[in-house]
Amino acid sequence: MAKFKLIVSDPTTGKCSVSEIEGARAQALIGRSLGEVIDGSALGITQGKAIISGGCDKNGIPMRADVHGGAKKYIVLTSGTGFRPRKKGERRRKLIRGRVISDETYQINFTLHTEEAMKKPPAETKPEPQAPAAPPEPPEKEKRIKKEKETKKPAKKGKR
């Protein structure tokens, strides 16, 4: 039997709610993939629709939208879900789970999309920002020009 932990976030309020689901309601989620829109009534939410935004398995291996299937795979990552580079240009082979929800999935993240959020006008209706006012002139004492010393930074030691 499938059992999932659901984390539903509401972007309008910025709050999250956690619940568990099992049985026939959990079986309805198996085979769905990241990015799909699901009716909220299937999750026990009456506020509209929800988008599957992420998840992980019981070992904490994250799901990634660009990996097909639901199995675990080693892929080379440079950034994004499942990898935080420590140096610029770093690449590493990491274990990632595919985008399809399976029995091994433990946690599923959802983002709410209510009817109000879908009906909002596009961002084109924003008023144009006004140019900021010029700062007031400083007193004569503060207008002095200070000579800045040129300092050279020591060369970095290490591999290049």
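So which residues in region 1-25 are out of contact with any strand residue (DSSP E or B) (no Cβ under 8 Å at 6 or more places or on another chain) and among the aliphatic types (A, V, I, L, M)? Result: Ala24, single match.
Considering region 84-102, and only residues there that are under 20 Å from the mean Cα position of the chain (by Cα) and surrounded by 14 or more Cβ atoms within 10 Å (Cβ to Cβ), the residue that is farthest from Ser9 (Cα to Cα) turns out to be Lys94. On the stretch given as region 28-43, residues that are more than 13 Å from Ile108 (Cβ to Cβ) and of a type outside the set (Ser, Thr, Tyr) total 3.
So how many residues does region 6-20 have that are crowded, with 17+ Cβ neighbours inside 10 Å and not hydrophobic (A, V, I, L, M, F, W, C)? Looking only at that region, the number is 1.
Restricting attention to region 21-62 and to residues that are polar (S, T, N, Q) and touching a helix residue (DSSP H, G or I) at 6+ places or on another chain (Cβ under 7 Å), the residue that is surrounded by the fewest Cβ atoms within 10 Å (Cβ to Cβ) turns out to be Thr46. Just one residue in the set Thr81, Thr105, Thr114 is surrounded by 13 or more Cβ atoms within 10 Å (Cβ to Cβ), modelled with pLDDT under 80 and in contact with a Gly (Cβ under 9 Å, 6 or more places away or on another chain); that residue is Thr114.
Only one of the numbered conditions (1) loosely packed, with under 14 Cβ neighbours inside 10 Å; (2) assigned to a loop (DSSP other than H, G, I, E, B) is not met by Ala65, and that is (1). Scan Gly89, Gly70, Gly98 and give me the residue that is in contact with a His (Cβ under 9 Å, 6 or more places away or on another chain) and of a type outside the set (A, V, I, L, M, F, W, C). None of the others qualify; the one that does is Gly98. For region 68-118, the candidate set comprises residues that are polar (S, T, N, Q) and part of a loop (DSSP other than H, G, I, E, B); within that set, the residue that is farthest from Glu20 (Cα to Cα) is Thr78.
The values are calculated or read from the model by the stated rules, or taken from the named source; none is laboratory data. No experiment lies behind these values; they were computed from the predicted model shown. For neighbour counting, all protein chains shown are included, and Cβ atoms are generated from backbone atoms with ideal geometry for every residue, glycine included.
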